[in-house]
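All remarks here apply to the structure that follows.
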Amino acid sequence: MAGIDDAFWDQLDARIAATIVTAPRRRRSQAPTRSAHVRAPRPAPADEAPPERHQVSDWTGLVETISAAGAAAQEQDTRLRRQNAAYEALASDLRQALDDVEKYKALVAKAQAQVEAKSLEIQALADARVEAIQARADARVRRAEERALAADRRAVVVEDWLSDFDEASRALLPSPRMAFARAS
């Protein structure tokens with residue numbers, strides 16, 4: 001099982017080794033085999049004890065170990081399934097969060113594009129208004145300059161008239177010699 005850690009397997013190996021060491025070894029049967037060299041069974045020496053029968057209690061430890069290993073594997077499998085479910089939930093939440101981030105990025109980009117477009121529109125309107133105001137101001141300045149020139153021309157004409165009136169009025173005045181002659 002892929003999810004069981006090394007410590008579990010080390011512990012299981014140790015328990016199995018302890019169970020096998022405490023259990024008596026089985027002897028191979030002395031039945032003839034079909035090989036080319038058939039050996040005759042050796043008689044058991046007199047000083048050797050007959051083989052012991054395996055006791056059931058010796059094997060129950062191994063069965064218990066295997067049962068414990070199965071139970072531990074099931075527990076670990078259950079724990080791994082719970083962890084996997086938790087990881088899947090977290091991965092789903094992460095995917096949702098990433099999707100939300102992408103949506104927010106798209107919204108921010110859209111808002112920035114709208115702000116930029118609106119800014120360009122406002123700038124264009126402001127430029128148009130400035131140009132219109134500047135055109136009106138230039139027209140007023142031209143009219144004022146034209147009026148000033150017209151006023152200057154009128155002033156020159158008026159000065160010419162005044163000069164003509166002055167000369168005419170002097171011509172109408174009696175000359176100083178005539179004024180002395182009458183006084184006498």
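Need one number: the % of Cα-Cα pairs in the range 65-184 sitting beyond the 20 Å mark. Spell out each step's value before the answer.
Details: 5686 of 7140 pairs.
Cα-Cα pairs in the range 65-184 separated by more than 20 Å: 80 percent.
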_7 Å from Cα along Cα→Cβ at both Gln123 and Asp6: what's the point-to-point distance in nm?_
6.5 nm
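Using a/c under 1.5 as the rounded threshold, could you call the range 91-157 rounded, prolate or oblate? The axes a ≥ b ≥ c are square roots of the C-alpha gyration tensor eigenvalues, and prolate needs a/b larger than b/c, oblate otherwise. Intermediate values should be presented prior to the final figure.
Values: a/c = 17.10, a/b = 13.34, b/c = 1.28.
Prolate is the answer for the range 91-157, as a/c is 1.5 or above and a/b outweighs b/c.
Laboratory data are not the source of any read-out in this text; all were calculated from the coordinates shown. Computed from a predicted structure; not experimentally measured. Every residue, glycine as well, gets a Cβ built from its backbone with ideal geometry; the counts of neighbours run over all protein chains shown.
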